[in-house]
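This report concerns only the one structure given below.
Taken together, the values in this text are just the output of simple stated rules run on the coordinates, not laboratory data. The shown structure was predicted, so the numbers you read here are calculated from the model rather than taken from an experiment. All Cβ positions, even for glycine, are placed from backbone atoms using ideal geometry, and neighbour counts span all protein chains on display.
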Ligand code: ADP
């Protein structure tokens, strides 16, 4: 089966060749199959965000290859990358980063409008996604009227608004108290399982990591699977 995401020999440094050079990724190889949920575990500063940004086409690698759904993403122009990013990958961060002036529903509608979906269809999909995460009754609320866990659930819906094949999440429950984190993570897993998309989820939380299909570790710029030398 063609992997949803494939990274081959991905290298990345900041300030390359200049004072303050930080070599972060030294040849990352990783494949995530459609429907597979992979935990990316590493200490802070190891390069998880860098890896996720490159996988999600928000940043470019210095060397190596990124394939999404079997398509090489290294070459395309910025315009093509932006288009691919919008439909291929959904992003979730530690903080929800919702638009404060807009309702939960509108926060899930807007990325679809940007992708050319008509408003009616976008609103229908947004309402359906919000219902799936238990927020049908909160669709008209603005972020300030929602709890942290509820805001993060809206952020999950926004990430899935354009039905990407890949979900990339950077400590998605890292800012929530343990009980809320547990519940919100369960919602995320249900959503991912229900849509069959592939997910790469960075976390410090080993309990959450153990609930995913597979754990990979990022160490010294490379991916190490558990048990591997
Ligand atoms: P993690 O997500 O695992 O905490 P990051 O990918 O954010 O790690 O960062 C990896 C390393 O790269 C860190 O040492 C960080 O300080 C450095 N770094 C991240 N972004 C930049 C940048 N824009 N310029 C310079 N160094 C950076």
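Structural remarks
- All Cα pairs of the range 82-123, percent lying beyond 11 Å: 69
- Per-residue ellipticity at 222 nm, computed for the chain from helices alone with -39500 (n - 2.57) per DSSP H run of at least four residues, works out to -10500 deg cm²/dmol.
- With Cα atoms, 0 to 90° folded angle of helix 78-88 axis to the chain main axis: 60
- Between residue 62 and residue 190, the simple spin-label model (points 7 angstrom out along Cα→Cβ) gives 4.4 nm.
- Contact order normalised by residue count of the chain, Cα under 8 Å, 6+ apart, percent: 30
- Whole-number D in µm²/s for the range 1-56 (Stokes-Einstein; Kirkwood sum over Cα pairs; 10 °C, 1.306 mPa s): 127
- Each principal axis of the Cα cloud of the chain was taken in turn, and the coordinate range along them, longest first, works out to 50, 41, 40 Å.
- Ellipsoid semi-axes in whole angstrom, largest first, where each is sqrt(5λ) of the Cα gyration tensor of the range 63-173: 27, 16, 11
- Relative to the dominant Cα principal axis of the chain, helix 119-132 is inclined by about 80°.
- Cα shape, the range 19-100, gyration tensor, a/c 1.5 rule: rounded
- Here the range 31-107 and the range 119-140 have alpha carbon centers that stand 23 Å from each other.
- Acute angle (nearest 10 degrees) that the helix 178-195 long axis makes with the longest principal axis of the chain, alpha-carbon atoms: 90
- On the basis of the beta-carbon distance and an R0 of 22 Å, residue 210 and residue 183 show a calculated FRET efficiency of 0.85.
- Largest-first ellipsoid semi-axes for the range 131-203, taking √(5λ) over the Cα gyration tensor eigenvalues, angstrom: 19, 15, 10
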